[in-house]
Amino acid sequence: MGEERAGTSARYLAPPVRGESDAWGAESAAEGRRGAQRIVRAGEVVAPDRVADLLLVERGSRVVERRRIMYLDGEPCELTDTYYPLEIARGTGLAAAGRIRGGAIRLLADLGYAGVRAQEDVVARMPSEGERASLSLEAGEPVLELTRLTLSGDDRPIQADVMVMSPRGQNLRYEIRIG
């Protein structure tokens, strides 16, 4: 994983055209690489306080969580926990451990919840022991944590992602349009 990869967030808002792969697979393939993911668990959980605040639900409320490990060319590169309000995700493929054809963004759009805006925060920090082991990090190596909140056209929070990744080879690219 010595190569730098540039990740852009915009493709994680727009649903793929029918028949296309999910955004992670498409982004990796566009770089001539192989992106894969393993779903660790999916279902209802009590929202962590930070997630409850992001999704504007009461602390202690239940949400749907999808916990995944992302792989690039067979190597673990990112831990991604995605959360959805219960009234959006309960009883859908978002709450199940299986792969979602076209990805979660496509399913959200099909359910009437298209993301049109995202807010992101990126911090560098030291990993937990579990994160270090899952990402095969060396002792003393930090991680980047990217938190993304996706909002619908009426500014309703529809998805919160917490992604933990090795900074090795990362280049987070942001494109900002004004007006």
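Every read-out reported here was derived from the displayed coordinates using simple, explicitly stated rules and does not represent laboratory data. These numbers were taken from a predicted model, which means no experiment stands behind them.
For this structure, a couple of remarks:
- Pairs of alpha carbons in the stretch 23-179 whose separation is greater than 21 Å (percent): 48
- In summary, the stretch 52-122 shows an alpha-carbon radius of gyration equal to 1.20 times the 2.2 N^0.38 Å reference for compact globular proteins.
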